[in-house]
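Below you will find the structure I want to go over with you.
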Amino acid sequence: MVSPKARACSAEFDALCLLVRPKPDPIRAGQALQAGADVATLCRLAGEHRVRPRMIESLGLLSGLELPVAIRSSLEAFRRLHCVRVLSLVQELRRLGAALGANGVCYATFKGPTLAARLYGDAAGREYSDIDLIVPHAQYESAEQTLAALGYRGVQGDRAFRQAFLAHLRQCAFAHPDVDATVDLHWDFRGIHLPFPLSPDEIWEQLEPFTIAGTSVPTIGGLNLALVLAGHGTKEAWRSLDWICDVAMLVDKCPDLDWLEVHQRARRHRCGDSVLLACTLADRLLGTPLPAPLAEPLAASARVPRLAGALIEELRQGRAQAQLREGATDLDLCETRGARLKALLTLALACTAGDYAALPLPQPMWPLYHAIRPFRLVGKGLLALAAPAKLLRRGPISHVPRHTGEEYEK
């Protein structure tokens, strides 16, 4: 049953989609507001889905719209702070790139400032909270040392802890006391248990220089960018509208992109559905026409339309039903039950931070976690079976945790 709160949010969510699409539709959005859609709820949803820059720009196209003073002040304050933060992040990206280059570390930036500038025409045209960098696995230790020399420290424990409990994620987060953002340092785009439409080995010969604030930095572009966006959004179950906006903007900005090749490359990694799903969501929610080469493979898929419909319903309802899927969102990348089972079994063999949190042991005893983990998972599974009503009593998700592997055990 759809809750009254979910019904109340659907009109505002639909209006938000009209405002943040690549070609905004201010007339229909204005009609929705005149019909009773609540501006305060609209702005709240824009913040939750991290599309405020796009919404603010499109609200300026609405003739006769008079925002309440409190809402207008809040949006103006956000815009000022966002611009200042973006300038800081761009400067930090330049500093990181220079340091990595000086130390001979090959790297690429994706998402963050370069993605905003590339797709939205302005580094402040998109919301983001961190700087994502990927380096070759062989150079990861050198990259960590470079960040440490710049004053960055791991936010997920020391190096020994990260190697023991977080290596399966193939990324770690680092923070600086004077920088209002984290650096997510990757050596792969996925956890060890998952498929992904793009391998890091495929990017290093195809990096594209992108100039931001007068500095050229290596980025992921073209077909590879399409694969990253499709894979990342699917891995996160498209829980935020900004990821769908990115795909829609890419389709709109790059009409000559070979989407058939994008799909075929993803299929070679057994992730073809992620590309179809990304473009289907962009079409249904943001009015970005499905690339013609994808029409035939989409018509042959029973899974993608079904999954797209479920995701759209969750988004329109404020994700009130999402607690039933929480903790298994990454598995949408797996196209078959066999692939999902393999992913879960692979993760079951990898020690996670949750193992340490459940039973803190001194470092010399950490190898014991490999023996303890299966019994702990079985115990948690039995507890879950004994209390099935607990899931049904849980409220809507208010926070999406950084993946540690522990979410699969809930």
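Over the chain, what is the percentage of antiparallel beta bridges among all DSSP beta bridges, to the nearest 5?
Close to 75 percent.
Further question: What list of ³J(HN,Hα) values in whole Hz, one per residue of segment 337-348 in order, does the Karplus curve 6.51 cos²θ - 1.76 cosθ + 1.60 (θ = phi - 60°) give from phi, with Gly and Pro shown as x?
Each residue of segment 337-348 in turn: 4, x, 5, 5, 5, 4, 4, 5, 5, 4, 5, 4 Hz.
What ranking of Trp259, Trp204, Trp238 emerges when the number of other C-beta atoms within 10 Å of each C-beta is taken as an exposure proxy, fewest first?
Result, fewest neighbours first: Trp204, Trp259, Trp238.
Between Arg267, Arg306, Arg50, which gets the highest mean-square fluctuation from a Gaussian network model of the chain, Cα cutoff 10 Å?
Comparing Arg267, Arg306, Arg50 in a Gaussian network model of the chain, the most mobile one is Arg306.
Between rounded, prolate and oblate, where does segment 212-345 land on the alpha carbon gyration tensor, with a ≥ b ≥ c its root eigenvalues, rounded for a/c under 1.5, else prolate if a/b exceeds b/c?
Rounded, because the longest to shortest axis ratio a/c is under 1.5.
Placing one identical point scatterer on every Cα of segment 4-67 and ignoring solvent, what is log10 I(q)/I(0) from the Debye formula at q = 0.17, 0.20, 0.29 Å⁻¹?
Normalising to I(0) and taking log10 leaves -0.48, -0.68, -1.45.
Normalised by the number of residues in the chain, what is the relative contact order in percent for Cα pairs under 8 Å and 6+ residues apart?
16 percent
Next question, about the same structure. Could I have the simple spin-label model distance between Gln145 and Gln34, label points 7 Å from Cα toward Cβ, reported in nm to one decimal?
Placing both labels 7 Å along Cα→Cβ, they lie 6.6 nm apart.
Continuing with this model, one more query. How do Arg190, Arg170 rank when sorted from fewest to most other Cβ atoms within 10 Å of their own Cβ?
Listing Arg190, Arg170 from fewest to most nearby Cβ atoms yields Arg170, Arg190.
Once you mark the GluC sites (Glu not before Pro) that are in a DSSP loop and have at most 14 other Cβ atoms within 10 Å, what is the longest gap between them in the chain? Could the numbers behind the result be given before it?
Numbers: sites that count: Glu66, Glu205.
Here the longest segment lacking exposed loop sites spans 206-410.
Given the chain, what count of lysine pairs have C-alpha atoms under 30 Å apart, with each pair 8 or more places apart or on different chains?
For the chain, qualifying lysine pairs total 22.
Along its three principal axes, how long is segment 96-220 when you only count alpha carbons? Whole Å, largest extent first please.
Per principal axis, max minus min of the Cα coordinates gives 41, 35, 28 Å.
Which distance in nm do the two modelled labels at Ser74 and Lys342 give, with both placed 7 Å along the Cα-to-Cβ direction?
Roughly 4.7 nm, to one decimal.
Once Rh is set to the Kirkwood radius over Cα pairs, what Stokes-Einstein translational diffusion coefficient, in µm²/s, holds for the chain at a temperature of 20 °C and a viscosity of 1.002 mPa s?
On the way: Rh = 22.6 Å.
Stokes-Einstein gives a translational diffusion coefficient of 95 µm²/s.
Would you order Cys334, Cys254 from fewest to most other beta-carbon atoms within 10 Å of each residue's own beta-carbon? List each step's numbers first, then the result.
Details: Cys334 22, Cys254 18.
So the residues, fewest neighbours to most, are Cys254, Cys334.
Quick note: the coordinates plus some simple rules give every number you see, no bench work behind them. Being a predicted model, the structure only gives us computed values, none of them experimental. Note that each Cβ is placed from the backbone with ideal geometry, even for glycine, and that neighbours are counted across all protein chains shown.
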